[in-house]
Amino acid sequence: MAQEALPERGAARLGKPVGTAGTVHGVALLLPSGEASGTRRPSPLPVAAMRPLARRLARAGREEGLVVHVVHYRFRGWNGAAAHPARDAEWAVDEAVRRYGDVPVCLIGTGMGARAALRAGGHPAVNSVLALAPWLPEPDSAAGPGSAPEPEPDPVKQLAGRQVLIAHGTNDARTDPDLSYRLAERAKKINRQVCRFEVHSDGHGLHQHRSEVTALAVDFMMGSLFARGYSRPVADALAAPPPLGLRMPLAAGFGSSLRQ
């Protein structure tokens with residue numbers, strides 16, 4: 001496996017690789033959450049929160065040649081039109097290609113990181129995007145002090161040709177689930193391979209149904225990166241027209257009967 005390059009001071013970087021020690025056939029890049037604005041160094045807590053998922057994905061994809069990295073941003077904030085985490089995500093995909101060659105990449109983000117994953121999904125190496133509880137503020141409401149405003153809704157054209165799954169808790173008080181539905185609805189018009197799951201009664205952190213959400217992430221990543229085939233609920237959600245495929249309930253116990 002390629003050695004991790006030392007980053008320049010203040011640059012984005014990839015965390016230590018988790019997964020295969022052999023030939024890499026797929027890459028999952030995990031994008032942590034953050035804040036609306038802020039140019040200080042990111043807090044280490046969102047990165048630490050992603051590590052259990054990184055380990056779970058790596059175990060599931062070990063035989064297929066999966067490597068997982070958690071992305072470390074330059075700044076802790078999105079910062080309006082600057083969209084720093086999305087730029088860092090694009091850099092991370094470039095870096096993955098530099099290290100591992102022409103292999104498919106799955107972007108997996110939570111909160112602000114989910115927004116970055118969706119925004120960076122147009123990179124040519126990106127095969128799929130998984131957005132968990134994405135932070136998608138109304139236009140003109142996302143800019144913090146000193147940041148340029150964002151007058152338009154988040155774009156979706158870059159998601160054409162990608163496989164996209166969004167999961168959102170119906171009781172999320174921090175990131176409006178209706179906004180992720182509206183983005184999924186727009187994306188579905190230009191890309192049939194878009195679906196969205198609703199995690200009923202769960203909040204922003206998706207803690208109440210953590211095992212089901214993790215199983216959903218594994219199922220989607222393995223199906224999109226390695227053509228393993230999706231579970232029946234994911235396949236049905238991708239095939240169903242709106243609103244059914246965009247309001248698919250994540251059943252309690254999802255994943256317990258899957259071979260992962």
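The values are calculated or read from the model by the stated rules, or taken from the named source; none is laboratory data. Keep in mind that what you see is a predicted model, and the values were worked out from it rather than measured. Glycine gets a Cβ as well: all are built from the backbone with ideal geometry, and neighbour counts include every protein chain shown. Ligands, DNA and RNA are stripped out before the accessible areas are found, and what is left, the full protein with its side chains, is counted by its heavy atoms. Shrake-Rupley method; radii C 1.70, N 1.55, O 1.52, S 1.80 Å.
Explain nothing, just the number: dipole magnitude of the chain about its Cα centre with +1 on each Lys and Arg Cβ and -1 on each Asp and Glu Cβ, in debye rounded to the nearest 20.
On the way: 31 positive and 24 negative charges, 111 e Å.
Charge dipole, the chain, about its Cα centre: 540 debye, nearest 20.
Counting only Cβ charges, +1 for Lys and Arg and -1 for Asp and Glu, the dipole size of region 28-126 around its Cα centre is about 380 debye. Among GLU63, GLU212, GLU152, the sequence by solvent-accessible area, most first, with a 1.4 Å probe is GLU63, GLU152, GLU212.
Accessible surface comparison of SER33, SER180, probe 1.4 Å, protein chains only, largest first: the order is SER33, SER180.
With an 8 Å cut-off on Cα pairs and a minimum separation of 6 or more residues, tell me the relative contact order of the chain in percent. Don't jump to the answer; show the numbers that get you there.
On the way: 586 pairs, mean separation 42.9, N = 260.
Once normalised by length, the contact order is 17 percent.
For the chain, adding -39500 (n - 2.57) for each run of n ≥ 4 DSSP H residues and dividing by the number of residues yields -10000 deg cm²/dmol at 222 nm. Overall size of the chain from C-alpha positions, given as principal axis extents largest first: 46, 45, 33 Å.
A 1.4 Å probe run over region 167-260, with the rest of the protein chains in place, finds 48 Å² accessible per residue. Since only PRO177, GLY223, ASN191 are under comparison, the one whose Cα sits farthest along the positive direction of the charge dipole of region 174-234, derived from C-beta charges on Lys, Arg, Asp and Glu, is ASN191. Using a probe radius of 1.4 angstrom, the carbon and sulfur fraction of the accessible surface of the chain is 51%.
Ordered from highest to lowest accessible area with the whole protein assembly present and a 1.4 Å probe, TYR100, TYR230 read as TYR230, TYR100.
Using the heavy atoms of the protein chains alone and a 1.4 angstrom probe, what is the accessible area of region 77-143 per residue in square angstrom? Present the calculation step by step, with values, prior to reporting the outcome.
Details: 1880 Å² over 67 residues.
On a per-residue basis, 28 Å².
Heavy-atom accessible surface of PHE75, to the nearest 10 Å², is about 50 Å², with a 1.4 Å probe and all protein chains retained. Would you be so kind as to identify which of ALA58, VAL97, PRO124 lies farthest towards the positive end of the dipole of region 16-128, taking Lys and Arg as +1 and Asp and Glu as -1 on Cβ and the Cα centre as origin? The one lying farthest along the dipole's positive direction is ALA58. The DSSP beta bridges internal to the chain are antiparallel in roughly 10% of cases. Rounded to the nearest 20 debye, the dipole magnitude of region 68-146 is 160 debye, with +1 charges on Lys and Arg beta carbons, -1 on Asp and Glu beta carbons, and the Cα centre as origin.
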